[in-house]
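> Below you'll find the structure I mean.
The values are calculated or read from the model by the stated rules, or taken from the named source; none is laboratory data. Because the structure is predicted, anything quoted here is derived from the model rather than measured. Positions of Cβ are backbone-derived with ideal geometry, glycine not excepted, and every protein chain shown enters the neighbour counts. In case anyone asks, the SASA skips ligands and DNA or RNA and just uses the protein heavy atoms, side chains included. Shrake-Rupley method; radii C 1.70, N 1.55, O 1.52, S 1.80 Å.
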Amino acid sequence: MSVNMTKGQAISLEKKGGGSLSQVRMGLGWRAAPRRGLFGSRTREVDLDASAVLFAEKQPVDVVFFQHLVSDDGSVKHTGDNLVGGAGQGGDDEAILVDLERVPVHIDQIVFTVNSFTGQTFQEVQNAFCRIVDETTGQELARYTLDGGGNYTAQLMAKVHRVGGGWQMTALGNPANGRTFKDLIPSILPHL
């Protein structure tokens, strides 16, 4: 059963019955919001980009995004760039796979962001979500849905971080402005 997360909520990434998850997928989806015009409603394609920024002691050490699809150590992989979105109802438009057992021990947090490289704001987006899926079973574990659009170009979606010997996911849901993950680093740091 999936948990519908609220901003700031954390969930453990432990399996039911004990043990830790080994591979998870952070799926992201969105749809273009219809815009009213003189001749009715229409939508304009929205290109959002998912990124995963890997941190070690609050310092960014690697990133996975559409121009760098695999982390240097191979533990985090982006499945590819979606230029128009469209799922927004359950399927993933972009996904980032994390092999939690392969993440180097010095990496303590992975922050997932979404940004509009073209500068479109989230006012032009609807049904945006991030979800975490147990990649070995395909079961959705948690989902965080963005409420309404805003006049910002990026969103800090969630983070996966080490807690004791396991991992935990925290829904962030913080708006930000920036066209690339680099632009978002100052917004990410207070959440580490």
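> Residue check, Gly165 against (1) open to solvent by 20 Å² or more (accessible area, probe 1.4 Å); (2) of a type outside the set (A, V, I, L, M, F, W, C); (3) within 12 Å of Ser51 (Cβ to Cβ), all met but one. Which one?
Condition not satisfied by Gly165: (3).
> How many residues, within the range 49-82, are part of a strand (DSSP E or B), of a type in the set (D, E, K, R) and surrounded by fewer than 22 Cβ atoms within 10 Å (Cβ to Cβ)?
Number satisfying all stated conditions: 2.
> Quick one: which residue in Thr118, Thr79 is of a type in the set (S, T, N, Q) and either at pLDDT below 70 or within 21 Å of Ala142 (Cβ to Cβ) (or both)?
Of Thr118, Thr79, the one residue that is of a type in the set (S, T, N, Q) and either at pLDDT below 70 or within 21 Å of Ala142 (Cβ to Cβ) (or both) is Thr79.
> Restricting attention to the range 82-115, report how many residues are modelled with pLDDT under 75 and under 15 Å from Val64 (Cα atoms).
1
> Name every residue in the range 118-146 that is within 15 Å of the chain's Cα centre (by Cα) and open to solvent by 50 Å² or more (accessible area, probe 1.4 Å), in order of residue number.
Asn127, Thr145 - these are the residues of the range 118-146 that are within 15 Å of the chain's Cα centre (by Cα) and open to solvent by 50 Å² or more (accessible area, probe 1.4 Å).
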